[in-house]
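K.L.:
Below is a structure I'd like to ask you about.
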């Protein structure tokens with residue numbers, strides 16, 4: 001027994017133990033592989049595990065002198081399966097990419113490889129990152145380690161559940177409308193969407209290009225800063241990436257003196273559960289105790305943000321997903337008589353229901369006669385949403401809200417009602433529309449399930465956001481170890497456990 | 001209100017085959033979602049400029065220098081069907 005506790009160990013601490021020779025990459029990696037062996041049969045966080053490769057690579061790191069090791073050498077990491085990685089099957093949670101082996105590597109992933117991280121595996125997601133529960137994966141349903149009867153959130157639910165379950169030290173997700181922050185919230189961990197352009201999107205399988213950002217899912221705010229520091233930066237392969245005018249700092253602050261926090265009343269409207277509201281308000285009081293000042297304010301176009309998002313994101317998705325046509329890669333339907341039939345059947349058979357819905361909404365919104373009323377109008381609303389934030393940041397340094405209006409919901413409870421599912425992201429979507437950085441940190445439990453606290457900053461104010469988050473995190477003192485309870489136990493809604501999904505893709509055709 | 005014929009037309013534009021039961025379900029679901037989305041029509045914002053990009057950025061170009069890119073073999077590696085160093089697809093139209 002190593003004495004390492006994967007449910008509480010942070011990356012900052014793991015790095016220190018490695019550097020000081022108190023643990024090895026091999027021991028550290030084995031700690032997570034053991035935890036995977038113990039819990040993956042319940043959690044189903046990974047689409048594909050790379051256990052042997054991870055152990056082999058860790059052993060190689062241990063043989064190298066400390067001086068030649070990268071800054072993140074030996075840290076076991078989970079990667080969302082929508083970041084292409086050369087030679088490693090990358091599915092985006094879709095049947096259409098079930099057997100796709102990329103010939104290049106996403107910049108954010110390559111930057112971590114360059115620092116010698118250990119990739120434990122590829123995590124589950126809603127197909128093409130479209131969803132808020134990870135139930136839209138073509139391969140499996142991931143469970144929340146705090147209650148196996150509930151969802152982990154989504155779309156980065158696989159990475160979030162893996163980190164929460166101690167099956168990974170930390171990991172990468174992507175966030176288009178809340179897909180990092182909402183699962184972080186539901187799984188009781190830290191998740192950050194950086195400013196649009198801060199992290200290269202090269203090699204991120206595109207969902208909505210003007211909204212997508214890669215970011216960290218971690219056990220602590222300091223870990224979040226450390227991971228962000230290593231994935232951020234300009235990349236000439238992504239024309240929207242920007243040169244950051246600063247380096248991401250690992251925060252140490254424990255006070256909030258002089259900081260002004262805006263509390264948008266629109267984000268606390270109907271739909272916010274009483275338990276979520278209670279934890280949120282307690283956290284506001286903690287902020288005041290730390291020297292910050294909280295004041296209610298308005299982001300007046302919030303009620304239109306969700307509608308604008310559900311035009312813009314599907315419109316971009318319908319264009320981005322046009323590339324999946326059975327010609328250059330991925331699935332192709334067999335036996336088509338001609339090219340058109342091949343396209344239509346490949347896409348009809350390859351995409352799942354939610355992806356089809358979004359392609360249809362997007363195609364409709366961009367079609368002749370509807371473009372101005374939908375897409376044009378949505379882009380105007382997007383400007384108004386951004387201007388709301390701009391005006392608010394004249395008076396406030398940071399804006400805070402619950403990350404999700406609810407705690408983790410039961411598996412299956414929203415799958416029949418797309419609009420109810422879309423409401424999961426009401427507090428996170430406006431941030432993507434405005435391109436701002438935002439972090440979610442755990443701020444307590446409601447009915448035994450984690451509640452997330454969202455901190456939003458001005459564009460490129462990552463260091464301030466992280467500093468404030470670190471101070472709040474210290475005051476909250478949340479214990480990140482989940483319970484692995486199953487509130488449906490005895491009800492029989494969960495299938496037999498004990499399977500370790502070495503490769504969940506195999507289950508699909510079974 | 002979106003009709004089943006509209007849905008069939010949009011599915012053709014999207015190159016997406018929908019089975020008959022999917023078509024029926026999709027029509028109901030899209031009507032509900034569009035009902036929500038139509039909310040943005042309430043706003044009188046004719047004079048607002050549509051937003052093209054969230055940040056104040058300018059176009060960037062890389063240096064115009066030739067360099068290696070994906071090899072033909074790599075580009076074809078993942079293709080479902082290949083012939084003579086090219087992607088192979090079914091014929092364009094029926095006889």
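Each reported figure results from applying straightforward, stated rules to the coordinates on display, with no laboratory input. Because the structure is a prediction, the values reported are computed rather than measured. Here the Cβ positions follow ideal geometry from the backbone for every residue, glycine too, while neighbour counts run over all protein chains shown.
K.L.:
When every alpha-carbon pair in the range A:163-269 is counted, what percent end up more than 17 Å apart? Let's see the in-between values first.
P.N.:
Working: 3403 of 5671 pairs.
So the portion of pairs separated by more than 17 Å is 60 percent.
K.L.:
For chain B, just run the numbers: alpha carbon Rg, then divide by 2.2 N^0.38 Å, N being how many residues it has.
P.N.:
Details: Rg = 22.5 Å, N = 95, 2.2 N^0.38 = 12.4 Å.
The value comes to 1.81.
K.L.:
Could you compute the FRET efficiency for residue A:255 and residue A:99, with r as their C-beta to C-beta distance and R0 at 41 Å, rounded to 0.05? Intermediate values should be presented prior to the final figure.
P.N.:
On the way: r = 53 Å, r/R0 = 1.29.
FRET efficiency, residue A:255 to residue A:99: 0.20.
K.L.:
Would you mind ranking A:224, A:443, A:294 by Cβ crowding within 10 Å, fewest neighbours first? The partial results should precede the final answer.
P.N.:
Details: A:224 33, A:443 28, A:294 20.
Listing A:224, A:443, A:294 from fewest to most nearby Cβ atoms yields A:294, A:443, A:224.
K.L.:
On to the next question. Under the classification rounded if a/c is under 1.5, otherwise prolate if a/b is larger than b/c and oblate if not, where does the range A:65-111 fall, given a ≥ b ≥ c as square roots of the Cα gyration tensor eigenvalues? Could you put the intermediate results ahead of the total?
P.N.:
Details: a/c = 3.31, a/b = 2.53, b/c = 1.31.
Since a/c reaches 1.5 and a/b is larger than b/c, the shape of the range A:65-111 is classed as prolate.
K.L.:
Mind listing the Cα extents of the range A:306-377 along all three principal axes, in Å, largest one first?
P.N.:
Projected onto its principal axes, the Cα set of the range A:306-377 covers 42, 22, 19 Å.
K.L.:
Further question: Give me A:159, A:91, A:107 sorted ascending by neighbouring Cβ count inside 10 Å, so fewest comes first. Before the final figure, lay out each step's value.
P.N.:
Numbers: A:159 40, A:91 28, A:107 24.
Fewest to most other Cβ atoms nearby, the residues stand as A:107, A:91, A:159.
K.L.:
Which value results for Rg/Rh of the range A:449-491 when Rg is the Cα radius of gyration and Rh the Kirkwood radius based on the inverse mean 1/r?
P.N.:
Working: Rg = 15.8 Å, Rh = 13.1 Å.
Computed over Cα atoms, the ratio is 1.20.
K.L.:
Right, next: Taking only Cα atoms and a 10 Å spring cutoff, compute GNM fluctuations for chain B and point out the largest among B:60, B:48, B:82.
P.N.:
Ranking B:60, B:48, B:82 by mean-square fluctuation puts B:82 first.
K.L.:
From Cα coordinates alone, what are the radius of gyration and Dmax values for the range A:143-219 in angstrom?
P.N.:
Cα-based Rg and Dmax for the range A:143-219 come out at 11.9, 37 Å.
K.L.:
Same structure again: With the cut-off at 1.5 for a/c, could you classify the protein assembly as shown from its C-alpha gyration tensor as rounded, prolate or oblate? Let's see the in-between values first.
P.N.:
Details: a/c = 1.42, a/b = 1.12, b/c = 1.27.
It comes out rounded by the Cα gyration axes.
K.L.:
Also: Can you give the calculated 222 nm mean residue ellipticity of chain B, where each DSSP H run of n ≥ 4 adds -39,500 (n - 2.57) and the sum is split over every residue, rounded to the nearest 500 deg cm²/dmol? It would help to have the intermediate numbers written out before the result.
P.N.:
On the way: 3 runs with 33 residues, N = 95.
Calculated from helices alone, the mean residue ellipticity at 222 nm is -10500 deg cm²/dmol.
K.L.:
Mind listing P(r) for the range A:405-484? All alpha-carbon pairs, 5 Å bins, whole percents.
P.N.:
3, 13, 19, 19, 19, 15, 8, 3, 0
K.L.:
With a ≥ b ≥ c taken as the square roots of the eigenvalues of the C-alpha gyration tensor of the range A:115-172, please select rounded if a/c is under 1.5 and otherwise prolate if a/b is larger than b/c or oblate if it is not?
P.N.:
On the way: a/c = 2.37, a/b = 1.38, b/c = 1.72.
Note, shape of the range A:115-172 comes out oblate.
K.L.:
Still on this model: Under the rule of -39500 (n - 2.57) per DSSP H run of 4 or more residues, summed and divided by the residues of chain A, what mean residue ellipticity at 222 nm is obtained, to the nearest 500 deg cm²/dmol? Provide the component values of the computation, followed by the final result.
P.N.:
Values: 16 runs with 185 residues, N = 510.
Helices in chain A give a 222 nm mean residue ellipticity of -11000 deg cm²/dmol.
K.L.:
Over all directions, what mean area does the Cα convex hull of the range A:1-127 project, stated in square nanometres?
P.N.:
Values: hull surface 32.6 nm².
Value for the range A:1-127: 8.1 nm².
K.L.:
Let me ask something else. For the range A:32-191, go through all pairs of different Cα atoms, get the mean of 1/r, take its inverse, and jot down that Kirkwood value in Å. Before the final figure, lay out each step's value.
P.N.:
Numbers: mean 1/r = 0.0653 Å⁻¹.
About 15.3 Å, per the Kirkwood formula over Cα pairs.
K.L.:
Determine the distance separating the Cα centre of the range B:47-62 from the Cα centre of the range A:208-273; give it in Å without decimals.
P.N.:
Here the answer is 21 Å between Cα centres.
K.L.:
Compute the distribution of all C-alpha to C-alpha distances in the range A:3-69, in bins of 5 Å from 0, and list the percent of pairs in each, rounded to whole numbers.
P.N.:
For the range A:3-69, the binned pair fractions read 3, 15, 25, 23, 20, 9, 4, 1 percent.
K.L.:
OK, next. Enter the mean number of other protein chain beta carbons within 10 Å of the beta carbon of each residue in B:40-50, as an integer. Walk me through the numbers before you get to the answer.
P.N.:
Details: counts 15, 4, 4, 8, 0, 7, 2, 1, 8, 3, 10.
Across the residues of B:40-50, the mean count of other-chain Cβ atoms within 10 Å is 6.
K.L.:
Taking every residue in A:337-344, how many Cβ atoms of other protein chains lie within 10 Å of its Cβ, on average? Before the final figure, lay out the partial values.
P.N.:
On the way: counts 5, 7, 6, 6, 3, 5, 6, 7.
Per-residue shielding by partner chains comes out at 6.
K.L.:
Cut-off is 10 Å between beta-carbons; in what order do A:357, B:77 appear when sorted fewest neighbours first?
P.N.:
Going from sparsest to densest Cβ surroundings: B:77, A:357.
K.L.:
Report D for the range B:1-44 in µm² per second (integer): Stokes-Einstein, Kirkwood Rh on Cα pairs, 37 °C, 0.692 mPa s. Display every interim value, and only then the final one.
P.N.:
Working: Rh = 11.2 Å.
For the chosen part, D equals 293 µm²/s.
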